[in-house]
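Enquirer: I have a structure here, written as structure tokens, and I will follow up with some questions on it.
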Amino acid sequence: MSEAPERQNPRRSHILQWHITHRCNLFCAHCYQRDRAEEMPAQMLRETLDKYCRFLEARHFCGRVYLTGGEPLLHPEFFTLAREITERGIAFSVLTNGTLIDRLTANRLALLHPLFVQVSLDGVWEAHDAVRGEFSFIQALNGIDALAAERIPVMVSFTAQKNNLKSFPALARICAEHGVRKLWWDRVVTDTPEMTKQLALTTEQFRQFCRKASRLQKRYQRPDGSSLISLERSLQCMEEGKCYTCHPGSGMVTILADGSVMPCRRLPFIAGNITEGELDEILASDPTTQELQCSPIPAACADCRYAERCRGGAKCVTYGQTGRLFEKDINCFYQ
Ligand SMILES: C[S@@+](CC[C@H](N)C(=O)[O-])C[C@H]1O[C@@H](n2cnc3c(N)ncnc32)[C@H](O)[C@@H]1O
Ligand code: SF4
Ligand code: SF4
């Protein structure tokens with residue numbers, strides 16, 4: 001019996017990280033979203049979605065849209081856009097600070113069946129509030145409870161910084177108690193020497209935190225073998241045979257509220273503007289995106305046994321601190 005065409009040639013998945021607004025109700029200390037003015041108007045949202053659909057067809061990709069910001073729920077067209085995305089057969093998720101999610105909002109979201117909602121928690125109680133502002137922890141936790149009550153899968157994102165590492169075990173406990181599916185973490189990206197000094201992890205802090213997260217991953221293992229704690233990002237879990245490859249601009253693309261197209265939100269490169277052409281053409285005609293897609297192995301990584309997959313670790317963290325691309329990860333502790 002011959003296989004169905006879809007199984008013979010399954011579509012590769014592709015993610016659009018779409019910052020539909022740059023407005024936000026919080027002012028987090030580490031946030032890369034410094035421009036607060038832009039918000040994509042309704043007509044431009046529609047045209048951008050059209051272009052993304054054409055891109056998916058042209059590349060034979062199966063798309064997913066991550067709606068984010070700023071705070072995406074502040075956009076007056078948020079729910080209309082989310083519905084249009086699903087009506088076109090594209091799955092969507094929301095990346096949010098969680099503070100604006102009450103029972104009604106959670107219920108409206110549930111009716112649209114998001115793949116997941118990701119809420120940012122950068123510690124517990126005072127530790128989180130020190131990064132994100134007074135009362136933001138309890139508001140985000142209430143948001144998580146409202147989502148969980150609607151059976152929406154909740155992920156939590158933790159941005160590891162010098163001052164919040166200690167609160168991670170307590171955060172894991174709270175996530176487990178509140179029905180969070182996955183707690184994932186990554187290093188803060190800094191782009192000035194002051195920010196690096198204040199927030200960035202040293203290599204030793206990163207090494208120790210990876211070990212701690214690995215122990216927690218085992219502690220929070222479920223009977224089916226999955227765990228609450230995710231170790232999926234660069235350099236987090238190499239010793240256990242898992243290795244994340246950072247490939248900006250190939251499996252994922254970012255569009256900002258002013259239409260800027262970026263191979264990755266965490267790298268300061270703009271490939272073009274979505275109002276000026278088709279997404280395919282914009283990515284194909286930008287030399288930096290092309291170079292990032294190839295992701296050459298840094299010379300200093302040439303002898304590393306992980307080099308083929310790791311390809312130098314997190315380009316964003318290293319570029320932010322050194323201004324150089326395609327270098328060995330600034331926090332690599334494997335060699
Ligand atoms: C820009 S926010 C937008 C969505 C929403 N407002 C939120 O806070 O989750 C998306 C994620 O980016 C993270 N982020 C912001 N600035 C960052 C930085 N400099 N380095 C690493 N992650 C950062 C936030 O902590 C958050 O988890
Ligand atoms: S809530 Fe999100 S977008 Fe707003 S300041 Fe914090 S990290 Fe930035
Ligand atoms: S040496 Fe390079 S390739 Fe090897 S783990 Fe470190 S960053 Fe990755």
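The values are calculated or read from the model by the stated rules, or taken from the named source; none is laboratory data. Worth saying up front: this structure is predicted, and the values here are computed from it rather than measured. Methodologically, a virtual Cβ is constructed for each residue, glycine included, from the backbone with ideal geometry; neighbour enumeration extends over all protein chains shown.
Enquirer: In segment 13-44, which residues are under 19 Å from the mean Cα position of the chain (by Cα) and outside any loop (DSSP other than H, G, I, E, B)?
Expert: Matches in segment 13-44: 13, 14, 15, 16, 17, 18, 19, 21.
Enquirer: Given the residues 92, 158, 116, 168, which is the only one that is out of contact with any strand residue (DSSP E or B) (no Cβ under 6 Å at 6 or more places or on another chain) and among the hydrophobic types (A, V, I, L, M, F, W, C)?
Expert: Numbers: 92 fails: out of contact with any strand residue (DSSP E or B) (no Cβ under 6 Å at 6 or more places or on another chain); 158 fails: out of contact with any strand residue (DSSP E or B) (no Cβ under 6 Å at 6 or more places or on another chain); 116 fails: out of contact with any strand residue (DSSP E or B) (no Cβ under 6 Å at 6 or more places or on another chain).
Matching residue, one of 92, 158, 116, 168: 168.
Enquirer: Listed residues 117, 131; which is more than 12 Å from residue 180 (Cα to Cα), at pLDDT 95 or above and either buried (at least 23 other Cβ atoms within 10 Å of the Cβ) or more than 14 Å from ligand 1 (Cβ to nearest atom) (or both)?
Expert: Numbers: 117 fails: more than 12 Å from residue 180 (Cα to Cα).
Exactly one of 117, 131 is more than 12 Å from residue 180 (Cα to Cα), at pLDDT 95 or above and either buried (at least 23 other Cβ atoms within 10 Å of the Cβ) or more than 14 Å from ligand 1 (Cβ to nearest atom) (or both), namely 131.
Enquirer: Taking segment 280-334, which residues are surrounded by fewer than 20 Cβ atoms within 10 Å (Cβ to Cβ), in a helix (DSSP H, G or I), in contact with a Cys (Cβ under 7 Å, 6 or more places away or on another chain) and not small (Gly, Ala, Ser)?
Expert: Within segment 280-334, 309 is the sole residue that qualifies.
Enquirer: Specify the residue that is farthest from the chain's Cα centre (by Cα); the eligible residues are those in segment 134-183 that are within 16 Å of residue 114 (Cα to Cα), of a type in the set (A, V, I, L, M, F, W, C) and surrounded by fewer than 18 Cβ atoms within 10 Å (Cβ to Cβ).
Expert: Within segment 134-183, the match that is farthest from the chain's Cα centre (by Cα) is 149.
Enquirer: Moving on to the next point. For segment 248-263, enumerate the residues that are surrounded by fewer than 23 Cβ atoms within 10 Å (Cβ to Cβ), assigned to a loop (DSSP other than H, G, I, E, B) and out of contact with any Lys or Arg (no Cβ under 8 Å at 6 or more places or on another chain).
Expert: 250, 258, 259
Enquirer: Given the criterion in a helix (DSSP H, G or I) and within 16 Å of ligand 1 (Cβ to nearest atom), identify the matching residue among 236, 205, 217.
Expert: Values: 236 fails: in a helix (DSSP H, G or I); 217 fails: within 16 Å of ligand 1 (Cβ to nearest atom).
Of the residues listed, the single one that is in a helix (DSSP H, G or I) and within 16 Å of ligand 1 (Cβ to nearest atom) is 205.
Enquirer: Still on this structure: Could you list, in sequence order, the residues of segment 264-279 that are in a helix (DSSP H, G or I), surrounded by fewer than 18 Cβ atoms within 10 Å (Cβ to Cβ) and not polar (S, T, N, Q)? Can you show your working first?
Expert: In the first step, residues of segment 264-279 are kept if they are in a helix (DSSP H, G or I); the result is 274-276, 279.
Now drop any that are not surrounded by fewer than 18 Cβ atoms within 10 Å (Cβ to Cβ), which leaves 275-276.
Correct list: 276 only.
Enquirer: Determine, yes or no, whether residue 266 is within 16 Å of ligand 2 (Cβ to nearest atom) and under 22 Å from the mean Cα position of the chain (by Cα).
Expert: Details: within 16 Å of ligand 2 (Cβ to nearest atom): yes; under 22 Å from the mean Cα position of the chain (by Cα): yes.
In short, yes.
Enquirer: Follow-up. In this structure, is residue 243 under 26 Å from residue 289 (Cα atoms), away from ligand 1 (no atom under 16 Å from the Cβ) and not in a strand (DSSP E or B)?
Expert: Working: under 26 Å from residue 289 (Cα atoms): yes; away from ligand 1 (no atom under 16 Å from the Cβ): yes; not in a strand (DSSP E or B): yes.
Yes, satisfied.
Enquirer: Restricting to segment 133-190, name every residue that is of a type in the set (Ser, Thr, Tyr), touching a helix residue (DSSP H, G or I) at 6+ places or on another chain (Cβ under 7 Å) and outside any helix (DSSP H, G or I). Please lay out each step first, then the result.
Expert: Here is the first cut: in segment 133-190, the residues of a type in the set (Ser, Thr, Tyr) are 136, 157, 159, 167, 190.
Within this subset, residues satisfying the condition of being touching a helix residue (DSSP H, G or I) at 6+ places or on another chain (Cβ under 7 Å) are 136, 167, 190.
Residue satisfying the conditions is 190 alone.
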